[in-house]
Every structure is written in structure tokens, then in C-alpha cells.
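Visitor: My questions all concern the structure below.
The values are calculated or read from the model by the stated rules, or taken from the named source; none is laboratory data. As the structure is a prediction and not an experimental result, all values here were calculated from the model. Ideal geometry is used to build each Cβ from the backbone, glycine not excepted, and the neighbour counts take in all protein chains shown. Each accessible area value is taken on the protein alone, full model and side chains, heavy atoms only, with ligands, DNA and RNA left out. Shrake-Rupley method; radii C 1.70, N 1.55, O 1.52, S 1.80 Å.
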Amino acid sequence: MSSRSRTTKTRGRAQKAGGSPIAKLAARLLIWMGLVAALAALLYGSYWGAKRLFFAANPHFTLKHLDIRASGQLTPPEVAALLAAQGIQTDQSNLFGVDLKSVRQTLEGHILIDSASVSRQFPHTLRVAIFERRPLARLGRYHSNLIDAQGTILPPRKDAEALGLPIIAGVRHARKLDSGMQSDDALLLAALRTLVLLATRPSGNYYDVMLLHLDYSSETLKLYLRERPPFRKGSLVLLPSKQIEAALDRLDVVVAERRQAGQQTSFIDATYQTNVPVLP
């Protein structure tokens, strides 16, 4: 065997014994990755351990006060009871142990609450602001459910009549609408949109709606008004359930003309796009 052959075999055995350069590099990378992962786990554990030691388990941050701001039917004691149901109590809970997002989401799941905000005020106070759903109308005359602008069914209120809310009558399957449900009745939603528009338009103060009847056969909204010039007591206004804003524009023109002429009105049919019928 020649000296060249012996040299080649010797190099081959050496490479097999020590591994290729790529394999060595890969092994080093794995070692470094393992070290980095171990260090990250150590730092993460240290962070949470320190957080619990210095914050979540620190009696200095024990909850002492609940600053509750509620505007509506819910009272601060009732909101405090909702918080207690989530395990949040004064002299027991820790501010850093309170999951603000979870508390807010749970509160907003309450039938009367539209939105809520929850924040910490160090060192001892949890601040909670409650914004309730505002009823827009009553679904019936006596001890009936209320409904908000989005179609959410709200429970009855003893002071509902005192609120002066209009009544929506003729609602299909009204008895099946339980508190907390979201109505998808197109005609009912059109009625709610009409009430919202009347409350926000500059001319809306001319229309004091006491009853809004849903006519499913013609998809028409029948508005019965209280006395307010130029309308007589019990005046009837007909509106379509679609293109409501255009219909209200037509209605505004007629009302402005009647007011300017000093004439009273008992009936306007704004479902007509031209030659709107009007009765004195």
C-alpha cells in the first residue's frame, strides 16, 4: 500500500472520530439554545416570584376601599355584591390579585350594564364605573319589559311610566321576548331607529311620541303623538320602515309649513314620497 493511501485512510478515521464541522456547529447551537431557554425560564420564574412576594402577597396592597360610580338603576351596594360574587372583597382581596379585564367582562355580562371600567388606585382602592343600558321604550303599557336602542330586552321597572318612555305596541311574539334577549325583529328595530332619530334631529322636539304601533302587513310605523304644535292630541303620523331619514325629511317640510301657517294637524302620511296626505 502506498503512503498516499495510508494518509487518506488516516484522515477519514480522524474525521469519523471527531465529527464533521457542521455537526460540531449544530451541537454548539443546541447547547446555547438550551442555556438561553433555561435562563429565560429562570428569569420568568424570578419575575413572577418577585411579583407575588412584593405585590400580590404584599399586605400593603390589601383592598380597603371600593370606589363605585353607578348611574342608573343599579346602586353601589348592588355593584359591590356583583364584585363579591367574583371573590373581590375589602380587607381580603389584594389589588394586584384582581384581574381587571376579567372583572370588567363579567360586569358587562350583566343584563343592565352596557359598559364598565375597572382600575386600581394605589395603595388600597379599586375604582369601578358602571354605565347602564338606557331604556328607549316600553313593550306594552303595564309592568312590561323595556328595550334599549340596540334592541336589548331589559326587565320591567316600577318607575317606567314616570320616565315618560313611549310605548311600542303590536310587537310580534312579544311574550317570547325575555330580559337579556337581543331582538332581530326588523320592524321593531326600525321603530327604535326612528325614536333615536327623533331624539337627535333638530326638529325632533315637535314629535312627542306616546305610542308607536307596528303594522307588519304594510311594514309601516304608526306614531301617535301628544299635543304639541302643530299636532293635536292623539295625532297620527305614518312612516315607512325603510328609508326612514328621507321620510322624516318630508315630514319636517310639512310640519314647518303647518307651523308657519298656524294650522293644526291630526294626520300626516309620510310614506308617500310626493303629495304627502295631511289632515287638519
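Visitor: Just wondering, is there one or more residues in the range 140-151 that are hydrophobic (A, V, I, L, M, F, W, C) and more than 18 Å from the chain's Cα centre (by Cα)? Show your work before the answer.
Guide: Filtering the range 140-151 down to residues hydrophobic (A, V, I, L, M, F, W, C) leaves 146-147, 149.
Still in the running and more than 18 Å from the chain's Cα centre (by Cα): none.
There is no residue in the range 140-151 that is hydrophobic (A, V, I, L, M, F, W, C) and more than 18 Å from the chain's Cα centre (by Cα).
Visitor: Separate question: Checking Val196 against (1) in contact with a Leu (Cβ under 6 Å, 6 or more places away or on another chain); (2) closer than 30 Å to Ser71 by Cα; (3) surrounded by fewer than 18 Cβ atoms within 10 Å (Cβ to Cβ), which single condition isn't satisfied?
Guide: Status for Val196: all satisfied but (1).
Visitor: Looking at Val278, Val254, Val209, which one is in contact with a helix residue (DSSP H, G or I) (Cβ under 9 Å, 6 or more places away or on another chain) and more than 28 Å from Leu112 (Cα to Cα)?
Guide: Val278
Visitor: Can you find, within the range 115-147, the residue that is least open to solvent (accessible area, probe 1.4 Å) among those that are within 26 Å of Asp185 (Cα to Cα), part of a strand (DSSP E or B) and free of Cβ contacts under 8 Å to residues at least 24 places away in the same chain?
Guide: Looking only at the range 115-147, we keep the residues that are within 26 Å of Asp185 (Cα to Cα), and these are 115, 131-147.
Those still in the list that are part of a strand (DSSP E or B) too: 115, 131-132, 135-138, 146-147.
Imposing the further condition that a residue be free of Cβ contacts under 8 Å to residues at least 24 places away in the same chain reduces the set to 115, 146.
Details: Ser115: 41, Leu146: 2 Å².
Restricting to residues being within 26 Å of Asp185 (Cα to Cα), part of a strand (DSSP E or B) and free of Cβ contacts under 8 Å to residues at least 24 places away in the same chain, the top hit is Leu146.
Visitor: Could you list, in sequence order, all residues of the range 65-106 that are aliphatic (A, V, I, L, M), over 19 Å from the mean Cα position of the chain (by Cα) and outside any helix (DSSP H, G or I)?
Guide: Listed by number, the residues that qualify are Leu66, Ile68, Ala85, Ile88, Val98.
Visitor: Which one of the conditions (1) under 28 Å from Leu107 (Cβ atoms); (2) modelled with pLDDT under 95; (3) open to solvent by 30 Å² or more (accessible area, probe 1.4 Å) does Pro202 fail to meet, given that it meets all the rest?
Guide: For Pro202, the failing item is (1).
Visitor: Can you name the condition, by its number, that Arg172 falls short on among (1) within 21 Å of Ala256 (Cβ to Cβ); (2) modelled with pLDDT under 95?
Guide: Among (1) within 21 Å of Ala256 (Cβ to Cβ); (2) modelled with pLDDT under 95, the lone unmet condition for Arg172 is (1).
Visitor: For Val237, indicate whether it is in a loop (DSSP other than H, G, I, E, B) and either in contact with a strand residue (DSSP E or B) (Cβ under 7 Å, 6 or more places away or on another chain) or at positive phi (or both).
Guide: The answer is no for Val237.
Visitor: May I ask you to list the residues in the range 160-207 that are assigned to a loop (DSSP other than H, G, I, E, B) and within 21 Å of the chain's Cα centre (by Cα)?
Guide: Residues satisfying the conditions are Leu177, Asp178, Ser179, Gly180, Met181, Ser183, Asp184, Asp185.
Visitor: Test of understanding: among Ser71, Ser5, Ser46, Ser20, which residue is modelled with pLDDT under 90, exposed (fewer than 10 other Cβ atoms within 10 Å of the Cβ), on the phi < 0 side of the Ramachandran plot and out of contact with any strand residue (DSSP E or B) (no Cβ under 6 Å at 6 or more places or on another chain)?
Guide: Ser5
Visitor: Which residues, counting only those in the range 77-97, are farther than 19 Å from Glu108 by Cβ and either open to solvent by 50 Å² or more (accessible area, probe 1.4 Å) or at pLDDT 95 or above (or both)?
Guide: Result: Pro77, Gln89, Thr90, Asp91, Gln92, Phe96, Gly97.
Visitor: So, one more: Tell me, yes or no, whether the range 217-233 has at least one residue that is aromatic (Phe, Trp, Tyr), outside any helix (DSSP H, G or I) and open to solvent by 50 Å² or more (accessible area, probe 1.4 Å).
Guide: yes
Visitor: Next up: Given the conditions (1) under 36 Å from the mean Cα position of the chain (by Cα); (2) among the aliphatic types (A, V, I, L, M); (3) surrounded by fewer than 16 Cβ atoms within 10 Å (Cβ to Cβ), and given that Val237 satisfies all but one, which numbered condition is not satisfied?
Guide: Condition (3) is where Val237 drops out.
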